[in-house]
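S.K.: Here it is, the structure, as structure tokens.
Here, each number is a calculation from the coordinates, and none is a lab measurement. Computed from a predicted model, the values in this text were never measured in an experiment. Here Cβ is always computed from backbone atoms with ideal geometry, including for glycine, and neighbour counts include all displayed protein chains.
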Amino acid sequence: MTKQPQASAVPSHEPRPTLAAVAARAGVSPSTASLAFSGQGPVSESTREKVLAAAQELHYGGPDPLAQSLRRGRSGIVGALIPARIGVSFRDPVLIQTLDGLAEEISVIGAGLLLMPDIGGDVMNVNTAPVDAVVLVGCNADAISTLEVLRRRNIPIVQIEGPGDNDVPTISVDNRGGTRLLARHLSDLGHARVALVTLSIDRNRGLAPLTSEREAEATITTTLERIAGARDVFPDVTGMIAAGSRSDAGREAGLVLLDVPAEKRPTAIIAQSDLLAAGVIAAAEELGLRVPDDLSVVGFDGIRVDGLERSLTTVRQPAQGKGAAAGRAIVDMLAGNVADEVAFDVDFQPGDTTGPAPS
């Protein structure tokens with residue numbers, strides 16, 4: 001016997017059931033059906049049950065989201081422009097915490113989050129993405145074309161740690177002051193030969209020496225602020241630009257700085273993230289150097305680094321708080337209000353990775 005194919009619950013050739021059809025089946029007006037289905041209106045329990053039963057009979061799953069967004073003039077989506085591809089970004093716990101805070105705050109207005117990598121050149125993504133607002137998360141100062149596209153769309157824009165001269169409400173962190181605290185700590189311990197392992201300084205994501213030429217063309221505000229903080233204490237400090245905020249990138253940069261004759265080797269390294277600091281410590285151990293006896297290492301962020309069984313000397317920044325502040329600013333702007341700018345302090349956290357400069 002030949003088996004007949006089973007019919008689907010909603011045959012593909014049938015049109016999508018409408019709320020009007022549900023209302024007609026339940027014997028109520030479309031507005032009453034809408035209130036009953038949403039559960040947010042003054043509708044009796046018996047009427048609500050009739051409407052829900054009619055919806056089930058017609059396989060009606062809810063209002064068409066596209067039609068809803070057209071009626072409201074909004075998509076219910078907030079875009080987050082992130083500075084690297086999503087696969088790379090999701091290995092950065094600071095960025096993940098920031099996005100968590102952002103998503104939680106915009107959820108109070110029922111908005112979702114759309115991640116949009118800003119990887120240079122192509123602005124079609126932000127030009128066409130169905131978003132009501134955009135948060136720039138640590139993006140480059142050279143993302144001018146992207147910013148112009150967003151402004152032409154006349155949608156709210158907030159930035160987290162971006163350049164301060166683009167008239168965009170900013171959620172900032174005391175990157176310079178935090179790094180200054182770390183540098184002073186090292187200076188107080190007697191260190192004079194100090195080197196930097198920095199975050200990316202522009203769109204180029206390769207390992208490279210930190211030179212005056214690269215700094216002159218730098219576009220990433222966070223990196224520059226942290227360099228400035230170190231130079232408030234060690235005016236001539238230089239070092240290596242890491243290929244990203246990853247432990248393996250910190251290790252690569254650390255090997256370049258440390259695999260040199262002892263008299264040229266730094267006695268302390270200021271890494272611009274805790275992940276980079278963990279990589280520098282791994283490089284030191286690989287070369288037979290003891291931390292902190294031979295080398296002191298500091299980080300920045302105050303996160304837990306998987307595999308690092310040390311108490312890292314660092315400063316803690318409120319990563320989730322940054323995202324939450326940006327989310328609140330977006331909610332305010334979508335309501336037609338002026339967004340408040342927020343500047344966060346950081347907290348010094350002493351650990352066991354720093355000690356007196358070796359004699």
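S.K.: Pulled fully out, how much extra length does the chain show between GLU57 and GLU45, if you take 0.36 nm times their separation in residues and subtract their Cα-Cα distance?
M.R.: Going from the current span to full extension adds 2.5 nm.
S.K.: Assign unit charges at the C-beta atoms only (+1 for Lys and Arg, -1 for Asp and Glu), then state the dipole size of the range 175-317 relative to its Cα centre in Debye, rounded to the nearest 20.
M.R.: For the range 175-317, the charge dipole is close to 280 debye.
S.K.: Using R₀ = 30 Å, calculate the FRET efficiency as 1/(1 + (r/R₀)^6) where r is the Cβ-Cβ separation of SER187 and THR211; round to 0.05.
M.R.: 0.80
S.K.: Tell me whether the range 175-317 comes out rounded, prolate or oblate; compute the Cα gyration tensor, take square roots of the eigenvalues as a ≥ b ≥ c, and use a/c under 1.5 as the rounded threshold.
M.R.: Rounded, because the longest to shortest axis ratio a/c is under 1.5.
S.K.: Report D for the range 252-323 in µm² per second (integer): Stokes-Einstein, Kirkwood Rh on Cα pairs, 20 °C, 1.002 mPa s.
M.R.: The diffusion coefficient I find is 170 µm²/s.
S.K.: If I stretch the segment between ASP293 and ASN204 completely, what's the gain in nm (0.36 nm per residue apart, minus their alpha carbon distance), one decimal?
M.R.: 28.6 nm
S.K.: Roughly what percent of Cα-Cα pairs across the range 238-359 reach past 26 Å?
M.R.: 31
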